[in-house]
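Q: Mind having a look at this structure? Questions to follow.
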Amino acid sequence: MSAAIWVFSVNLGLIPAYGWSDTPAPSEPACSLLGVLTAGYIQMGLSLIVLPFVVICVLYMKIFLVVRRHSRAIAATDVTGNMNSGSMKFTKTVVILIGTYIISFSPLAMIALVYTSGGFHEMSAYAVGDYIIYASVLTFANSLVNPIIYAFKLPPVRRRLLRFLGKGDNSSNSTTSGTIQTIAIDMD
């Protein structure tokens, strides 16, 4: 699946090289980003920013509803009546992840939207291309920030990261080994 995603992504980025491109205007440098890309290609890229956001929101909402339903079912059987805070932790993590996605991709999406609707008509394609390149840095930063969020918000990932960095407990999990010892004693 990873290989298929990489092949798809590389080919998606090479579409202008395959022929879906414009010839730059004589006033534009030959290597200007927007002098070569067609408005249709930019709109497709814009939709490829919005579509994953919608899919992520729908999937995480479904996961949240299932987690909340399970938390309520567990709380209903708990004699103390405590509501499991796991769904709230999950919700915070998802809000942070989706928030960083929006912050990372919004500048690029807005520039592409304004450009394809003719909003930068007074600027050269070369100058607008510079803005797109600068805004793209944030999209790459999203890929840097997501693992950090997972490392701090998800305990299993945090434990493995700390163990990898040599700061975690390298011994076996005492809870698991204690449970196994208890089972072994009960069987004797």
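Q: Straight-line reach only, C-alpha to C-alpha below 22 angstrom: list the lysines that residue 92 could link to, leaving out same-chain residues fewer than 8 apart.
A: Straight-distance partners of residue 92: 62, 153.
Q: Using the count of nearby Cβ atoms within 10 Å as a rough guide to exposure, how do 100, 77 rank from fewest to most?
A: The fewest-first ordering by Cβ neighbours comes to 77, 100.
Q: State the extension gain, in nm to one decimal, for the chain segment bounded by residue 2 and residue 27, taking 0.36 nm per residue of separation less the distance between their alpha-carbons.
A: The residue 2-residue 27 span can extend by a further 4.8 nm.
Q: How would 70, 121 line up from fewest to most surrounding beta-carbon atoms within 10 angstrom?
A: 121, 70
Q: Something else: By its C-alpha gyration tensor, with a ≥ b ≥ c as the square roots of the eigenvalues, how is region 39-153 shaped: rounded for a/c under 1.5, else prolate for a/b larger than b/c, else oblate?
A: prolate
Every read-out reported here was derived from the displayed coordinates using simple, explicitly stated rules and does not represent laboratory data. These numbers come from a predicted model, not from an experiment. Note that we place each Cβ from the backbone using ideal geometry, even for glycine, and neighbour counts take in every protein chain shown.
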